[in-house]
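Here's the structure, in structure tokens; my notes come after.
What follows draws every value from the coordinates through simple rules; no lab data is involved. As the structure is a prediction and not an experimental result, all values here were calculated from the model. Note: ideal-geometry Cβ built from the backbone for every residue, glycine included; neighbour counts use all protein chains shown.
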Amino acid sequence: MKKEEIELIKDGKRLDGRGFEELRPIKIEVGVLKRADGSCYFELGDNKVIAAVYGPREMHPRHFQDAKMAVIKYRYNMAPFSVDDRKRPGPDRRSVEISKVSREALDPVIIKEYYPKTAIDVYVEVLQSDAGTRTAGINAASVALAAAGIPMKDLVSSVAVGKINGEVVLDLNAVEDNYGEGDMPVAMVARTNTITMLQMDGRFSQEEFERGLKLAATACSKIYELQRTALLERYSESIGEGEA
Ligand code: ADP
């Protein structure tokens with residue numbers, strides 16, 4: 001089905017004023033939930049998500065245990081008030097898919113062998129959505145896992161690239177996602193350029209795909225620095241408090 005064509009680029013700028021290679025503003029806060037072992041609030045433009053991590057804790061029911069390593073569980077959920085029209089509460093096909101790919105995006109960096117027979121639960125709640133919620137969720141979850149003290153090889157950072165009016169652009173917002181020609185969410189370990197998630201909706205030529213991936217890698221390095229800074233700020237604060 002061909003979507004209605006609308007002008008998403010005017011005078012070399014996108015409708016929200018951004019350049020083609022510009023991220024939306026990002027805000028990260030670590031340790032926002034008292035009862036979670038680790039938590040993070042992550043804002044990406046008009047996306048607002050919270051990640052909460054619990055564990056490692058004993059896995060129940062026991063037949064789901066892995067004798068050699070921890071099992072990572074990931075639940076992505078969109079609040080009914082997070083979209084324009086009320087979203088029907090509860091899981092649906094989309095949230096099940098996003099939970100699966102997000103878990104797989106984080107799984108390779110977690111040193112699961114340290115905690116056999118346990119579960120590590122990651123909950124991502126989308127409070128407000130404007131396209132890119134899975135990427136915001138992965139960024140938040142990665143920070144929350146680190147904040148929970150889960151041993152990890154590195155942080156995972158995530159962003160989407162897309163195609164609007166024939167141009168490859170970074171970090172689509174909802175209008176661009178709805179009326180654009182393609183969307184490609186990526187997650188990676190920015191420091192080693194290791195891709196842990198790569199999805200594609202729409203059509204990209206090989207050249208567009210390669211350009212998009214490069215844009216995503218540069219943006220993931222920026223996001224990585226913000227994640228790292230947020231964690232460092234939080235923990236240097238805690239050390240300060242402890243000394244007082
Ligand atoms: P992502 O949020 O990771 O980009 P999608 O591409 O599936 O995932 O969704 C794009 C955007 O479409 C979402 O961020 C949200 O703003 C909107 N959207 C998704 N599902 C719904 C829904 N059930 N009702 C209304 N809007 C939705």
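Quick check, is K10 under 29 Å from I164 (Cβ atoms) and surrounded by 12 or more Cβ atoms within 10 Å (Cβ to Cβ)? No.
Find the residue count for region 33-44, including only residues that are crowded, with 21+ Cβ neighbours inside 10 Å and farther than 20 Å from I120 by Cβ. So the answer is 1. Taking the criterion of being away from the ligand (no atom under 16 Å from the Cβ), closer than 19 Å to R103 by Cα and either acidic (D, E) or not in a loop (DSSP other than H, G, I, E, B) (or both), the residues of region 59-89 that qualify are F64, D66, V71, I72, K73. Out of all the residues in region 117-129, is one or more within 13 Å of the ligand (Cβ to nearest atom), in contact with a helix residue (DSSP H, G or I) (Cβ under 9 Å, 6 or more places away or on another chain) and part of a loop (DSSP other than H, G, I, E, B)? Within region 117-129, one or more residues are within 13 Å of the ligand (Cβ to nearest atom), in contact with a helix residue (DSSP H, G or I) (Cβ under 9 Å, 6 or more places away or on another chain) and part of a loop (DSSP other than H, G, I, E, B). Pull up region 63-98, narrow it to residues that are in contact (Cβ under 8 Å) with a residue 24 or more places away in the chain and among the basic types (K, R), then point me to the one that is farthest from I50 (Cα to Cα). Among them, the one singled out is K68.
Residues of region 149-187 that are away from the ligand (no atom under 14 Å from the Cβ) and small (G, A, S): G149, S157, G166. With respect to the conditions (1) within 16 Å of the ligand (Cβ to nearest atom); (2) under 28 Å from G212 (Cβ atoms), I28 falls short on a single one, namely (1).
For A146, the conditions (1) small (G, A, S); (2) within 16 Å of the ligand (Cβ to nearest atom); (3) closer than 19 Å to Y235 by Cβ all hold with the exception of (2). Tell me the strands (runs of 3 or more DSSP E) entirely within region 156-217 that contain at least 2 residues that are more than 30 Å from I111 (Cα to Cα). The qualifying strands (runs of 3 or more DSSP E) are 157-164, 167-170, 182-189.
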